[in-house]
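Note sheet for the following structure.
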Amino acid sequence: MAECSAMRESFPLLLTESLDAQSRETAHQHIESCAECADEWQGMKEAWRMMAELPELEPPARIRQRFLAEIGVAEKTNVIPFMRRPAVKWLSQAAAVVILAGGSYLAGHRTAPIRLQPTGVANVERLPAAIQPAAFSIAETRTVNANNINPNIEGRPDIQNVQFNDANPNDDQIALSFDVTQHVTVTGAPNDKSMVRLMAYVMENEDQMSPSRSRAIDWVKQAYTDPSNADPEIAQALAKVLRNDTHEGVRIKAVDTLKTLPTMTLDTREALITALKNDPNPAVRIKAVDALARLAASGQLDSAAVDTLRQKAMQDDENVYVRTKAAEALGKIQP
Amino acid sequence: MNHLSDQELMRIVQAGDLSPASEIYDRYSGRIYNFAFRFLKNAEAAEDAVQEVFVKMIKHANQFHGDAKLSTWLFSITANWCRDYLRKADNRNKESEEVLISLPAPLEHGPDRTLEQRENEVRVQKALQALTPEQREAILLSRYQGLSYAEIAQIAGCSEGAVKTRVFRAMETLKKALTADTRGGDRWLNAVQ
Amino acid sequence: MRASFRIGGLAAIALLACGALVAAPLSHTERFVRDFPMEAGGSLWIENPVGNVDVVGSDQQGVSVSVVKVVGAPDAGSLKEGREQTQILMEGDNKTRVIRTVITGTHESKWKSNVAYVIRVPRASQVHVKGSMGEHIRISNIASTVTVKNTNGDITLEGVGGAATVDSANGDIHFLSDAKPSQPVQLTTINGGIEVQVSGESNLDWIAQSIKGDFRTNLPVRGRISGNAFRGLVNNAGGPSMTTTALMGNIFLLSRGGSQDDIRSVRMAARPTPNPIRISPVQANQNIAAYSETIQTPLVQGNFMYATNYGNFHIGEVRGFVSIQTGAGQVTLGTVTGDCSVRSGGGPLDLSDIFGTISARTEAGEVLVRSARKGGEIGTGAGTLRVIYSAGPLSLHNGGGDIIVNQAASSVDAETRSGDLSLTMDPRLHTQHINAKTTKGNIILNFGPRFGADIDATVLTTQEDAVGIHADFTGLTVKRDQVNGKTRVHATGKIGGGGEKVELFAEDGEIQIGQPGASR
């Protein structure tokens, strides 16, 4: 009924006594004669009454002090400046650290010409003189066994078109292909030093290589989480990626893989602690603290790491989940 | 100072003398603070609101026309500030569950009365949060600050008819939340949030 | 009276207690006592990483230090090394006395040592203790300032009248006093609980903080609770501050000699209506307080709604809809027959089979959805977002991390701020609307042989000669230009005769569009 709905719309005005005498009278008459509206009216009156339960709050005295201070009016009482720690400050500092770290990393690599894609033009003339193809003995052969390669990668070889192949997952052989002056495939066991070095090199320089269809980290996770293939250099390369890569998805993968690796060096521990303190991506921080929790349980954390965990747990503007994970890691500490 | 009217105090400020500032602050800070707090449900933001509103009042004193009501003008500034605050996306989630609680010594007060009071307080706060910002603004100004629809329309920047609708819808929601058998009301509230 | 107040158990602490050492094949115990003069109002500093510290204030003059040093080792050589490398240094003068245990061994040393101190000082002395791994630190009857910093072990301050600061990681803190505190007290522990007992007439400005735990008291308190913190007045204003922070444990503020029956929960007072989840008979038997740490149940017959400050959820099956809000914690759901709404302030989400529409978001953490039968909106502030199968429109949002969809039988709208986007459409699909965007990463889009679409793909990259867009089919027109110093590669065209719009945007990365298994 249109009359009822119009009537009900004016109930709040009835409550605030803002209606003129005539309208008030009309409304009350309607309420007396219409059961549903009477119900509505009762309900609204009750709600109105209950709203009075909200307490009147007293604004803190410091606002007054701040206000008067800001407009320059003298006050007799001591003005205590109210200081808040903005949450944004932590993040912007962290961002600065990441950018700096990323910047210097890139600067270091700009000494060699970096190409993402092969353009089809031979790049022989642009390869830096430091390239030692002889160290790889690849000029003549196309498929090389990792054992036959000098594990020391000298200079900064410009390698392209990197691909990973684990043709037979049941054997212990994996393969890594790339172009240097020719397309080369290096085969070997994951724990051959040359293979380790190559994998680490690819992982660290991947963002300048092509194609980006699959990430070296995925390969590393596949081949190196088996404890028998453990190698601290892989962990170190991952730590470098964690510190330097500007792609957050890549950093997440790096710390995730670090978590699963059986070996941990001092360097990787440092990388995890730095990631926990400074990485702007909370998912990275969550995984970093998970990795540290594992180390805590095996007694590998030093007092600096313990202090970092304590600070993290107590940090008000950190994500609560990261804080509770830090607390859990602390609880696992073995001397 | 406290025998002078709002308009007289503002005239002194407009003339360049800031000494009435504390008197005006004392007259209105409570109302502004309570409005901002109930609207934003965040004590820190409410404090900022009060600060900014009164500073603006002094800095832009010349925008105040002597025949208007100071309260309307102050609430206008406050409502604008609160709307801007909410508009910033990350502020939308900062509503802290600030609940005033009182744990009296065991035998002091009749336990039932205070428990019921506390329960209602929580229910009202939750119900207010279930309103749209426009409805909340309208009902807070009407119910707690006693402003007329004409004044609220001026503050909200809409027509009186729109205010009437907002207040009505707000009361409908509050009625549903506060008066249904208590369990039903809560379940509904929890589902809504 | 000591209320038991631990939530869960602390992780087992490897104790270097004397008892444990006696089990070592060889051990050596040294006991001695040293006395020093101490001026009134002097300070005592103790640093002991490997054992208990007991300090007692007395009316006697001077400092008396009683030491028990125990070294355990598997052989004589290590024992000797252990004894030499565990040194007890006592330095200082009449005003300041410093006592330190210095261990020069390493984690690999074959020996273990433990040093316990019992020290008597004048009551008016300041006491500062730094410990690491011990069973306890106890300080009693001191009228002046006391500070304690420790890692593992319980800490008890009894009858301390001056300002007190205790900072612990894994251990409970007890602050016991018959008097009314007149100086500020600050007690902090991460994985322990806090118990404060003071005179029932004390005036205090009480600040309590905890993520997982509760605040309980039998004193008159008026205050405000907000999220993880409570601030209130005990009795009247004018008293000193009592700041108690037990991140993962409970906090008790009690009147000395008062009744345990009067202890009430501050959190419960703020939330008198309990969460409405009394649905499953399994749950009816569980006493679910508002602050359960883990809500675990195999089956909920009906709807499941829960809101908490901190909580982990492991629910097998819900025969109804789900609405979960947690400030932080893990959420693992098996099957949900209705709609599923999850909001977490931080922590991973693992949703298996959701029959209804999903609305899930965590501020930080991985999200894995195995089957979203009606699609929905899924997001994470940071972390890997993976949907294995979806049969309804998907809207995915990632603040920093990869997005992976293994089999989408529906439209997909996905965006990540920094990460790769890997989308595989259901191979049987003829056409579907796709919108994928990453501002730092690659896009990989795969679909079946029957897929038709109008493709609009853009890559913005700093690599000048980047190909940018790789497609396993022909028919795309590619344009290249420079925009704000970056190379823009824009490819448009139809595939499979055309179809719905497929819009892809990748910045600082590449786009690869293809059919899985097609030759590259």
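The values are calculated or read from the model by the stated rules, or taken from the named source; none is laboratory data. If you're wondering where the values come from, they're calculated on a predicted model, not measured in any experiment. Cβ sites come from the backbone with ideal geometry, for glycine too, and all protein chains shown count toward neighbours. Just so you know, the surface numbers come from the protein's heavy atoms only, side chains and all, with ligands and any DNA or RNA stripped out. Shrake-Rupley method; radii C 1.70, N 1.55, O 1.52, S 1.80 Å.
Table for the structure above
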quantity	calculated
Qualifying trypsin sites (Lys or Arg not before Pro) in segment B:3-93, DSSP loop, other Cβ atoms within 10 Å at most 15	B:Lys69, B:Lys88
Carbon/sulfur fraction of accessible area - chain C, other protein chains in place, 1.4 Å, %	48
Calculated SAXS-style log₁₀ I(q)/I(0) at q = 0.06, 0.10, 0.12 Å⁻¹ - chain C, Debye, Cα scatterers	-0.48, -0.90, -1.02
Long-range HN-HN contacts of C:Thr147 with modeled amide H, under 5 Å	C:Val127, C:His128, C:Val129, C:Thr165
Accessible surface buried upon A-C contact (total; probe 1.4 Å; Å², nearest 100)	3800
Fraction in percent of alpha-carbon pairs per bin - 5 Å, segment C:328-462	3, 11, 22, 23, 20, 12, 6, 3, 1, 0
Dipole magnitude of segment C:424-474, debye to nearest 20 (Cβ charges: Lys/Arg +1, Asp/Glu -1, about Cα centre)	240
Relative compactness, segment C:2-270, computed as alpha-carbon Rg over 2.2 N^0.38 Å	1.09
Residue-normalised accessible area of segment C:2-270, expressed per residue, 1.4 Å probe, Å²	40
Hits among lysines - C-alpha to C-alpha of A:Lys312 under 20 Å, sequence gap 8 or more where chains match	A:Lys89, A:Lys259, A:Lys277, A:Lys287, A:Lys325, A:Lys332, C:Lys149, C:Lys212
Inter-chain shielding of A:39-52 (mean C-beta neighbours from other protein chains, 10 Å cut-off)	5
Per-bin percent of Cα-Cα distances, segment C:111-216 [5 Å]	3, 11, 24, 24, 20, 11, 5, 2, 1, 0, 0
Separation of alpha-carbon centers, segment A:240-269 and segment C:397-427, rounded to whole Å	23
Tail weight of P(r) past 18 Å, computed on alpha-carbon pairs of segment C:89-165, percent	47
Tail weight of P(r) past 23 Å, computed on alpha-carbon pairs of segment A:230-335, percent	18
Mean projected area (nm²) of the alpha-carbon convex hull when segment C:137-195 is viewed from all directions	3.3
Qualifying aspartates and glutamates (Cα of each under 17 Å from Cα of C:Lys494; at least 8 residues distant if same chain)	C:Asp454, C:Asp456, C:Asp472, C:Glu503
Separation between Cα centres of segment C:443-504 and segment C:313-327, rounded to whole Å	41
Options C:Ile88, C:Phe252, C:Pro184, ranked by Cα towards positive dipole end of chain C, top entry (Cβ charges)	C:Phe252
Distance histogram for segment A:232-280 (every C-alpha pair counted, 10 angstrom bins, percent rounded to whole numbers)	31, 62, 8
Cα-based Rg / Dmax (Å) for segment C:49-136	14.7, 46
Distant alpha-carbon pairs in segment C:281-514 (separation over 32 angstrom), percent	29
